[in-house]
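Structure, as structure tokens:
Here, each number is a calculation from the coordinates, and none is a lab measurement. Predicted model, so just to flag it, every value in this text is computed and none were measured. Cβ sites come from the backbone with ideal geometry, for glycine too, and all protein chains shown count toward neighbours.
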Amino acid sequence: MPDPSSPVRPRYGGKLIAILVGVLLFYAASPYYSVWRFGEAIRAHDMPALTARIDFESVRGSLKRQIRDHFLGALSQKQKERLTEFFRTSVNDPLDQILDAYITPEGISALISNPGPIKNASSISSLPSLGLSTKQIDWSKFRNGYFTGAGDFVVNHEEIKLRFRCTGTGWKLHALDLYLPAAKK
């Protein structure tokens with residue numbers, strides 16, 4: 001028989017653990033759902049929905065860095081210094097002008113469906129302009145979705161990695177890793 005003098009304390013431990021487990025499961029499943037929604041937006045050619053799922057400035061920065069590093073790797077030290085000085089003094093960075101076509105919902109969709117033209121370019125000037133006719137993306141080739149940090153999620157697709165970041169309101173495409181081959185000198 002319980003002691004009537006001791007106060008009865010409600011037990012919240014079990015409910016709290018259940019809530020925490022539920023929140024953790026929701027968080028763990030949320031990037032998979034977001035990647036699926038991202039794919040559905042591309043498949044349906046729903047550009048407003050795709051726009052809401054892309055951090056354009058981050059994607060621009062990641063592509064610009066990869067392309068610049070790729071092509072600068074093929075230059076001699078003197079050429080690198082000249083090109084770096086040109087970029088520094090140029091009012092409009094020519095690479096920004098080239099990337100403008102790729103940093104749109106249509107451009108990113110085309111790049112995911114066929115990264116070959118950028119990968120096969122031999123110089124910055126030979127980077128192709130974007131043809132907005134994209135081939136159908138084979139979503140069965142999306143492999144190995146995994147967390148790389150508490151707020152970062154990566155999905156491999158054939159020759160590229162799509163990196164998503166949690167923004168607090170959902171997951172957005174944050175970067176594309178193109179695995180650019182070493183440039184030839």
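Full extension from residue 29 to residue 156: what is 0.36 nm times the residue separation minus their Cα-Cα distance, to one decimal in nm?
On the way: separation 127, 0.36 × 127 = 45.72 nm, distance 1.71 nm.
My answer for the length gained is 44.0 nm.
Apply 1/(1 + (r/R0)^6) to the Cβ-Cβ distance of residue 169 and residue 143, taking R0 = 22 Å, and write down the FRET efficiency to the nearest 0.05. Before the final figure, lay out each step's value.
Details: r = 27 Å, r/R0 = 1.23.
About 0.25, to the nearest 0.05.
In whole Hz and in residue order, list the ³J(HN,Hα) couplings for segment 26-37 that follow from phi through the Karplus curve 6.51 cos²θ - 1.76 cosθ + 1.60, θ = phi - 60°; x for Gly and Pro.
For segment 26-37, the Karplus-derived couplings read 4, 5, 5, 8, 4, x, 5, 5, 5, 5, 4, 5 Hz, x marking Gly and Pro.
Mind listing the long-range amide H neighbours of residue 157? Cut-off is under 5 Å, sequence gap 5 or more, other chains count too, H placed in the peptide plane at 1.01 Å from N.
HN-HN under 5 Å from residue 157: 143, 162.
For segment 99-105, just list the computed ³J(HN,Hα) in residue order, Karplus coefficients 6.51, -1.76 and 1.60, θ = phi - 60°, integers in Hz, with x standing in for Gly and Pro.
Here the 3J(HN,Hα) series is 5, 3, 6, 7, 8, 9, x Hz.
With each label point set 7 Å from Cα along the Cα-Cβ vector, what nm distance links residue 45 and residue 68?
So the label points at residue 45 and residue 68 sit 3.5 nm apart.
Through the Karplus equation 6.51 cos²θ - 1.76 cosθ + 1.60, θ set to phi - 60°, convert the phi angles of segment 58-65 into ³J(HN,Hα) values in whole Hz; use x for Gly and Pro.
Residue by residue, segment 58-65 yields 5, 5, 4, x, 5, 5, 4, 5 Hz.
Give me the net charge for the shell around residue 52: Cβ to Cβ below 12 angstrom, other residues only, Lys and Arg +1, Asp and Glu -1.
On the way: positive: 37, 53, 172; negative: 46, 55.
Overall, the nearby charge balance is +1.
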